[in-house]
Structures are given as C-alpha cells and as structure tokens.
Amino acid sequence: MISSKDNPKFKGWLKLKQKKFRKIEQLFLVEGEHLVGEALRAGLVVDVLLREGNSFNCDAPITYIDRSLFEKIKFTEASQGMMAVCRMMEKKMDAQNRLLLIDNIQDPGNLGTLIRSALAFSFDGIVVSETTVDVYNDKVVRATQGAMFQLPIKVANLEHYIVDLHKIGVDIYGTHLNAVAQKMEDVPVSESMAFVVGNEGVGISDEIMNLCTGSVIIEMSDAVESLNVGVAGSILMQKFNGIK
C-alpha cells in the first residue's frame with residue numbers, strides 16, 4: 001500500500017502525466033478496467049495500480065494506492081479506481097499496403113478516433129508527424145478504446161517518410177477541400193496506398209501536399225462546409241479499406 005505522496009514510485013508515476021517524462025521513461029498510464037485489460041493482453045503492463053479497497057486478478061504486479069493519493073494520479077472524475085503503468089512499444093509495420101499519415105493534428109479525440117477507425121478498416125498502420133499531439137496522451141489513449149495496442153503506430157518526419165514510400169511504389173493522396181481534388185470514386189485503387197489527413201484548422205501543410213501523388217475530396221452537401229478530421233479520415237479509410 002502506498003500512502004505517502006513522497007513515495008518514489010508514486011512520484012515517478014505522477015510524472016508520467018507529462019509528455020516529457022513519458023518520453024524519458026518510455027512509460028505511460030492507462031485508466032479503467034477495459035484499457036488495463038487490453039494493455040495486459042498486449043503484454044505492456046509493468047504495474048497495475050488499484051485504489052485502496054479495489055480488487056483485480058492478473059499476472060502483473062499490483063500496487064494499492066491510498067484513496068487520497070489515487071485522486072491525484074487518476075485522469076477521470078468517475079474513475080473505476082484502476083490504472084496501469086505500461087511500456088511504450090512500437091509495433092512492427094509488417095505491411096504498407098494501406099497507411100494513414102497524420103500531419104499536425106492537435107485534438108486528442110480526433111487522433112484517438114483515427115487510430116480506432118484505422119484498426120476497424122484494416123489499415124496496416126499509422127504514421128504520425130512529430131508535431132501531432134502525443135499518441136500516449138491520456139485522452140488519445142481513452143479515445144482509441146484499446147485499438148492502439150493492436151495497430152502499428154510510428155512517429156516520424158512525414159516529408160522523409162513520404163519520399164521513402166514513393167520509392168517502394170506507394171500512391172499517396174492528401175485530403176483537400178479544393179474543387180480540383182479528385183472525388184473518392186475517381187481515385188484509382190491500387191495495391192499500395194496511403195492517405196494524409198491534416199491539422200484541424202489549416203489542413204495539410206503545403207510541403208506535405210506537394211509530395212502527394214494527388215488529392216482527394218469527400219463530396220457532401222453544400223449545407224456543411226467541412227467535416228471533423230476524425231470523421232473525414234474514417235470515411236476515407238472505409239472507402240479504401242484493407243479488409244480481405
């Protein structure tokens with residue numbers, strides 16, 4: 001039982017709520033029985049953290065935390081009293097026939113939605129720009145509902161990565177609201193394709209767009225100016241899904 005805020009383990013776990021310490025330690029926190037269970041199945045759990053009075057059966061080490069201290073480390077108001085400290089692990093991208101590339105998205109919910117949709121529509125992986133919101137942000141993790149544990153996600157310089165994709169014959173399309181962009185049904189389907197979605201306010205950077213094979217627009221009613229990037233990316237992935 002940890003009952004002191006000065007406990008070294010507790011102080012270390014508390015720091016994991018900050019991106020810079022997650023990066024240094026290569027650890028992150030998840031909260032709730034579902035996400036803890038998914039992390040256990042993925043073999044990433046270092047410690048399970050339980051609020052005093054809770055119980056849970058698993059093979060990972062369990063540490064009980066005083067109720068008042070658990071209030072300091074939890075993320076959600078209606079917490080289930082269960083968290084886990086997890087290792088970061090970059091899942092190997094075995095195939096690159098269907099990829100989603102993410103350029104500077106800032107909203108954690110949007111990133112989490114895109115990760116979940118990429119898994120649902122059998123994309124081979126996601127490549128996230130270095131300026132995008134942290135994949136291990138607690139809101140991103142919750143929004144993925146565990147999908148992040150099953151999908152390869154790589155943080156990289158997108159410009160360099162796109163150049164390398166072109167070298168192996170991957171067709172790359174950027175989402176665009178411009179009328180010159182191709183409609184989804186006019187985009188030729190090829191064996192290897194990647195799609196770029198961009199920042200909520202400004203979209204894809206010119207530098208990235210200029211590297212794309214072409215651009216694609218999602219047709220919709222004139223009553224709506226644009227779609228949320230999480231919705232737009234999900235529609236695109238459904239259309240060009242990798243489901244066998």
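Among the criteria (1) modelled with pLDDT of 95 or more; (2) outside the structural domain of Gly174 (by TED's automatic domain parsing), the one Lys244 does not fulfil is (1). If you go through the range 54-81 and keep only what is loosely packed, with under 14 Cβ neighbours inside 10 Å and under 17 Å from Asp138 (Cα atoms), you end up with Glu71, Lys72, Thr76, Glu77, Ala78. Restricting attention to the range 90-104, does a residue exist that is under 26 Å from Ile217 (Cβ atoms), out of contact with any Gly (no Cβ under 7 Å at 6 or more places or on another chain) and hydrophobic (A, V, I, L, M, F, W, C)? Yes, the range 90-104 contains at least one residue that is under 26 Å from Ile217 (Cβ atoms), out of contact with any Gly (no Cβ under 7 Å at 6 or more places or on another chain) and hydrophobic (A, V, I, L, M, F, W, C). Candidates are the residues of the range 204-230 that are part of a loop (DSSP other than H, G, I, E, B) and among the polar types (S, T, N, Q); the one that is farthest from Val128 (Cα to Cα) is Ser221.
Taking the range 82-159 and the strands (runs of 3 or more DSSP E) fully enclosed by it, the elements with 3 or more residues that are surrounded by fewer than 20 Cβ atoms within 10 Å (Cβ to Cβ) are at 153-156.
Entry remark, the range 103-128: residues being under 17 Å from Lys139 (Cα atoms) and touching a helix residue (DSSP H, G or I) at 6+ places or on another chain (Cβ under 7 Å) number 11 in total. Report yes if some residue within the range 193-206 is modelled with pLDDT of 95 or more and either more than 24 Å from Asp107 (Cβ to Cβ) or not assigned by TED's automatic domain parsing to the domain that holds Gly109 (or both); otherwise report no. Yes, the range 193-206 has at least one match. A single member of Gly242, Gly233, Gly201 is within 20 Å of Asp134 (Cα to Cα), under 23 Å from the mean Cα position of the chain (by Cα) and in a loop (DSSP other than H, G, I, E, B), and it is Gly201.
Of all the numbered requirements in (1) farther than 19 Å from Thr113 by Cβ; (2) loosely packed, with under 10 Cβ neighbours inside 10 Å, Val163 misses one, and that requirement is (2).
Screening Tyr136, Tyr161, Tyr173 for residues that are under 28 Å from Leu40 (Cα atoms), touching a strand residue (DSSP E or B) at 6+ places or on another chain (Cβ under 6 Å) and either among the aromatic types (Phe, Trp, Tyr) or touching a residue at least 60 places away in the same chain (Cβ under 8 Å) (or both) leaves exactly one candidate, Tyr136.
Would the range 42-58 turn up any residue that is under 25 Å from Thr144 (Cβ atoms), touching a residue at least 60 places away in the same chain (Cβ under 8 Å) and charged (D, E, K, R)? Full working, then the answer.
Residues of the range 42-58 that are under 25 Å from Thr144 (Cβ atoms), as a first pass: 42-51, 54, 56-58.
Add one more test, that the residue is touching a residue at least 60 places away in the same chain (Cβ under 8 Å), and what stays is 42, 44.
Narrowing the set further to residues that are charged (D, E, K, R) leaves none.
No; the residues of the range 42-58 include none that is under 25 Å from Thr144 (Cβ atoms), touching a residue at least 60 places away in the same chain (Cβ under 8 Å) and charged (D, E, K, R).
The number of residues in the range 28-39 being over 14 Å from Phe10 (Cβ atoms) and crowded, with 19+ Cβ neighbours inside 10 Å comes to 8.
The values are calculated or read from the model by the stated rules, or taken from the named source; none is laboratory data. Bear in mind that the values here come from a model prediction, so they are computed numbers and not experimental data. Glycine gets a Cβ as well: all are built from the backbone with ideal geometry, and neighbour counts include every protein chain shown.
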